[in-house]
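Worksheet: the structure to be examined is printed underneath.
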Amino acid sequence: MSKELGWKKLPMGGIIEEAGNASSYETGTWRSFKPVFHPEICIQCLFCWIYCPDGAIIVEDSKVKGINFFHCKGCGICSRECPTKVKSITMEQEI
Amino acid sequence: MSSIVALTGNDAVGTAMKQINPDVVAAFPITPQTELMHKFADFVANGEVDTEFVLVESEHSAMSAVIGSSACGARSMTATSSCGFALMWELLYVAASCRFPIVMAVVNRALSANINIHCDHSDTMGGRDAGWIQIYSENSQEAYDNTIQAVKIAENPSILLPVMITLDGFIISHTTETLNILDGKDVRDWIGEYNPKRSLLDIKNPFTIGPLDLQDYYFEHKRQQAEVINNSYDVIVEVGKEYGKLTGREYDLIEKYMTEDAEIAVIVLGSTAGTTKEAVDILREEGIKAGMIKLRVFRPFPYKELREALSNFKVISVLDRCISFGAYGGPVFNEIKAALYGISSPPEITNYIYGLGGRDVGIEEIKSVYYDMKRISEGEKVKDYINYLGVRE
Amino acid sequence: MKLLLKEMAKKEDLLSGGHRACTGCVPADVLRQVLLAADNPVVATCATGCMEVVTTIFPYTAWKVPFIHSAFENSAATISGIETAYRALKKKGKIKDEIDFIAFGGDGGTYDIGLQALSGAMERGHKFLYVCYDNEAYMNTGIQRSGATPMGAATSTSPAGSVIPGKRESKKDLTTIVTAHKIPYSAQTAPYNWKDLARKVKTALAAEGPSFINILSPCYRGWRFPMEEGIEICRLAADTCIWPLFEIENGNWKLNYKPKVKKPVEEYLKIQGRFRHLFKEANKHIIEEIQTEVDENWENLLQKCGETQ
């Protein structure tokens, strides 16, 4: 991480050497609403995962395991697109 | 091994490009650069180079394409003139900021309007602050030599900056001269293989280049660029010396002509240096202690060398083949005055804007500049510091 | 092509979280979906625009693939150089990997300022995929109208005023313009239909030459709808036939989705603030004009695709 380095230490050409290092940047603080995952209702359609703009749905072995709150901005697309009659992801006010 | 051939400036640069055999060349036609492209297209069509030649739909895309190819570690070249150069302007900064060692030949031509296809230096002078190294050529030989040296300078691992070499439109580009050229193999051996540390095609080591800088990093990145171009003097000189060992033609940042005992001197770049040398020879026969300084490298600006070379003259005149509207004189004049600021008993300095839009400048006109200087050196007061040479009133 | 989310979810996301796109940004999901669909390693570029900005704020990058940004109008020219370097270096044995190349651009960088570079690259036949994430205005600079902004939409530079009710001109038909270059593959899709999108990306990357996909990418800030509705808006765009899903493979037009019941355009317009003014009595004729245009375009498309109403 080259954060706050002076010109003598920054890599040349303005490059960012570590691909995907934005993952260490917290956007979870942006949330006003928080998705709550109810695994017992989930049918594992993975729609929440494919539609999440922030890649914040945690999937292991092709199964939704929960939400990455470090990145989740709380847009609610996951809940909106959840097809189960009783939503497997519901939105709650962030405290 | 070398041979003596008769070539136009465009063909000389085209020949140098063939011998360099770059991985990628992208270009768009514009007069007077066109024949350079034709020459190179022949080499491609006849299998004399391995180059992938991209015939893009604009100069903007030409520079964009070599930015892309250079980011992939491909040795990349292009060529343009005038309005084409102006269209690239935005990307000149990108190429330099991302440290892509692109080599570009610019066949100098006036900018519109009115549209004019002939020589002046308004195009490359307009790109002087973009972060590129700029090397001007006096004749076809130099255009050829500079093209080859440019690759070695650009790709030096401590530099990695784009380099533009220039040649005066028509005056050099379309005039046949005899010159010495190297064997292609010798050129390739001398420049060596280009194996950069980073490439976008290195999929196992991905990185991002050209990201967004906010107020917290942009300045540091610019400061870094300022440092690297300022560090390139030594590399340019070293490459010029090495090239001298190879060819017997050594190159420096500036060239001095008859300056040892000279009291008055012209400072000039490009083909007019040749005309000025002729004028100096004639003036010497007349007993006038005339000399000349040719500025070969304009970026980085060799202020130390100029300060040393110019401090002993009584009067110097700077010839600018470019008009810098609203400025106090042409760009070369301004930078030379700045370089001399603070030295004890500096020479008197006058400026002559000349040759715009290909207006011919001959020996007589150059001589008139020296006569003006001579009178000033003998005590005549300077009438005008900024003069226009060869324009009708 | 059998596509299962279960299978796709085994792949690593190539756009990391922690990017600074707005909450609920559909274009960011479009980037994710496109990259997830690529099978070979990818080298990517993106025109200046919101997606480029939010994914690469120094010293952070969300791109896990090699990525370059150069300028606004030259995404296609940049990828031309990249793809050419690839051919040059592969020929010399310096590169062994099979790599795919994707140039991204927003509608501003594609329909407008980058159209020349795109046209040139298509004509020259470089093997790459151009993806336009079409959010129908210059969102990065503050929602100004572009050639992709639909008729009637209010933007910062085509506001709904008392005399001029939003943008007066129709949306440019870019997919047809690109298709006229006779490239091997071009298509339109929308991210609600992830299967269609993924299949199209795979088909495009397998094409022997340039390919193009125009992807509707709703922007809730610019279009003024609730932030969780971005995917649903895409669905409505397809169901009203405002944004049909189709593809052209080697000159053959194919319709990929035909709604069972074609919904009236109001259904799409009414949930977006940018069209709110059209529902005033004095402007209702514009809705009729939009419907007429959509009907004509749809009819035209059906004919090209050999379909009937």
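The values are calculated or read from the model by the stated rules, or taken from the named source; none is laboratory data. Model, not experiment: these values are computed from the prediction. So basically every Cβ, Gly included, is an ideal-geometry build from the backbone, and we count neighbours across all protein chains shown. For accessibility, only protein heavy atoms count, side chains too; no ligands or nucleic acids. Shrake-Rupley method; radii C 1.70, N 1.55, O 1.52, S 1.80 Å.
Quick notes on this one:
- Among the residues of the stretch B:347-390, those identified as among the β-branched types (Val, Ile, Thr) and within 25 Å of the chain's Cα centre (by Cα) are B:Ile349, B:Thr350, B:Ile353, B:Val361, B:Ile363, B:Ile366, B:Val369, B:Ile386.
- Complete set of residues in the stretch B:376-392 that are over 27 Å from B:Ser82 (Cβ atoms) and loosely packed, with under 15 Cβ neighbours inside 10 Å: B:Glu378, B:Gly379, B:Glu380, B:Lys381, B:Val382, B:Lys383, B:Asp384, B:Tyr385
- Evaluation of C:Gln116 against (1) more than 9 Å from chain B (Cβ to nearest Cβ); (2) out of contact with any strand residue (DSSP E or B) (no Cβ under 9 Å at 6 or more places or on another chain); (3) not aliphatic (A, V, I, L, M) (one fails), failing number: (1)
- Enumerated helices (runs of 4 or more DSSP H) restricted to the stretch C:190-282, each holding at least 3 residues that are in contact (Cβ under 8 Å) with a residue 24 or more places away in the chain and small (Gly, Ala, Ser): C:230-239
- For the stretch A:10-18, the criterion of a residue being touching a Gly at 6+ places or on another chain (Cβ under 9 Å) and of a type outside the set (Gly, Ala, Ser) is satisfied by at least one position.
- Given (1) buried (at least 24 other Cβ atoms within 10 Å of the Cβ); (2) more than 7 Å from every other protein chain (Cβ to nearest Cβ), index of the condition C:Leu36 fails: (1)
- Test: residue in the stretch B:304-312 that is assigned to a loop (DSSP other than H, G, I, E, B) and either assigned by TED's automatic domain parsing to the domain that holds B:Glu364 or surrounded by 16 or more Cβ atoms within 10 Å (Cβ to Cβ) (or both): yes
- Boolean, C:Ile95 is at pLDDT 95 or above, touching a strand residue (DSSP E or B) at 6+ places or on another chain (Cβ under 6 Å) and either facing chain B (nearest Cβ under 9 Å) or open to solvent by 10 Å² or more (accessible area, probe 1.4 Å) (or both): no
- Within the stretch C:144-192, the set of residues being among the hydroxyl-bearing types (Ser, Thr, Tyr) and open to solvent by 50 Å² or more (accessible area, probe 1.4 Å) comprises C:Ser156, C:Thr157, C:Ser162, C:Ser170.
- Of C:Val65, C:Val54, C:Val26, all but one fail to be under 26 Å from A:Cys78 (Cβ atoms) and more than 7 Å from every other protein chain (Cβ to nearest Cβ); the exception is C:Val54.
- Considering residues of the stretch B:30-41 that are among the hydrophobic types (A, V, I, L, M, F, W, C) and surrounded by 24 or more Cβ atoms within 10 Å (Cβ to Cβ) only, the residue nearest to the other protein chains (Cβ to nearest Cβ): B:Phe40
- Looking across the stretch A:67-95 at every residue that is at pLDDT below 95 and open to solvent by 50 Å² or more (accessible area, probe 1.4 Å), the one that is nearest to the other protein chains (Cβ to nearest Cβ) is identified as A:Glu94.
- Checking each residue in the stretch B:1-59 for being aliphatic (A, V, I, L, M) and closer than 21 Å to B:Phe170 by Cα picks out B:Val5, B:Ala6, B:Leu7, B:Ala12, B:Val13, B:Ala16, B:Met17, B:Ala27, B:Ile30, B:Leu36, B:Met37, B:Ala41.
- In the set (1) open to solvent by less than 60 Å² (accessible area, probe 1.4 Å); (2) under 20 Å from B:Asp23 (Cβ atoms); (3) facing another protein chain (nearest Cβ under 9 Å), B:His221 fails one condition alone, (2).
- Comparison of C:Leu245, C:Leu236 shows that the only residue that is open to solvent by less than 10 Å² (accessible area, probe 1.4 Å) and under 30 Å from C:Ala154 (Cβ atoms) is C:Leu245.
- Taking every residue in the stretch B:242-271 that is more than 29 Å from B:Asp189 (Cβ to Cβ) and pairing it with any residue that is open to solvent by 70 Å² or more (accessible area, probe 1.4 Å) and among the aromatic types (Phe, Trp, Tyr), at least 6 positions away or on another chain, yields no pair with a Cβ-Cβ distance below 9 Å.
- Residue in the stretch C:66-79 that is in contact with a strand residue (DSSP E or B) (Cβ under 7 Å, 6 or more places away or on another chain), open to solvent by 10 Å² or more (accessible area, probe 1.4 Å) and closer than 24 Å to C:Ala198 by Cβ present: no
- Those residues of the stretch B:97-145 which are aromatic (Phe, Trp, Tyr) and touching a Ser or Thr at 6+ places or on another chain (Cβ under 7 Å), in sequence order: B:Phe100, B:Tyr136, B:Tyr144
- Residues in the stretch B:42-54 that are in contact with a helix residue (DSSP H, G or I) (Cβ under 9 Å, 6 or more places away or on another chain) and away from every other protein chain (no Cβ under 14 Å): B:Asp42, B:Phe43, B:Glu48.
- Pairing each residue of the stretch A:5-21 that is more than 27 Å from A:Asp54 (Cβ to Cβ) and at the interface with chain B (Cβ under 7 Å from one of its Cβ atoms) with any residue that is part of a loop (DSSP other than H, G, I, E, B) and open to solvent by less than 40 Å² (accessible area, probe 1.4 Å), provided the two are 6+ apart or on different chains, yields C-beta distances under 6 Å for A:Leu10/A:Ser2; A:Met12/B:Arg99; A:Gly13/B:Cys98; A:Gly13/B:Arg99.
- Whichever residue in the stretch B:337-363 is open to solvent by 20 Å² or more (accessible area, probe 1.4 Å) and among the hydrophobic types (A, V, I, L, M, F, W, C) and, among such residues, is modelled with the lowest pLDDT: B:Ile343
- Any hit, the stretch B:167-182, residues being open to solvent by 10 Å² or more (accessible area, probe 1.4 Å) and of a type in the set (D, E, K, R): yes
- Elements of type helices (runs of 4 or more DSSP H) in the stretch C:22-116, at least 2 residues being of a type in the set (S, T, N, Q): C:75-91
- Considering (1) farther than 29 Å from C:Arg32 by Cβ; (2) in a loop (DSSP other than H, G, I, E, B); (3) open to solvent by 10 Å² or more (accessible area, probe 1.4 Å), the lone condition that C:Glu123 does not fulfil carries the number (2).
- Close pairs from the stretch B:366-384: first closer than 19 Å to B:Thr275 by Cα, partner in a helix (DSSP H, G or I) and open to solvent by 20 Å² or more (accessible area, probe 1.4 Å), Cβ under 6 Å, at least 6 apart: B:Ile366/B:Thr275
- Residues being under 23 Å from C:Asp29 (Cβ atoms) and in contact (Cβ under 8 Å) with a residue 60 or more places away in the chain are entirely absent from the stretch A:50-66.
- Scanning the stretch B:49-91 for residues that are touching a residue at least 60 places away in the same chain (Cβ under 8 Å) and either in a strand (DSSP E or B) or open to solvent by 20 Å² or more (accessible area, probe 1.4 Å) (or both) yields a total of 3.
- Some residue of the stretch B:21-35 being modelled with pLDDT under 95 and not hydrophobic (A, V, I, L, M, F, W, C): no
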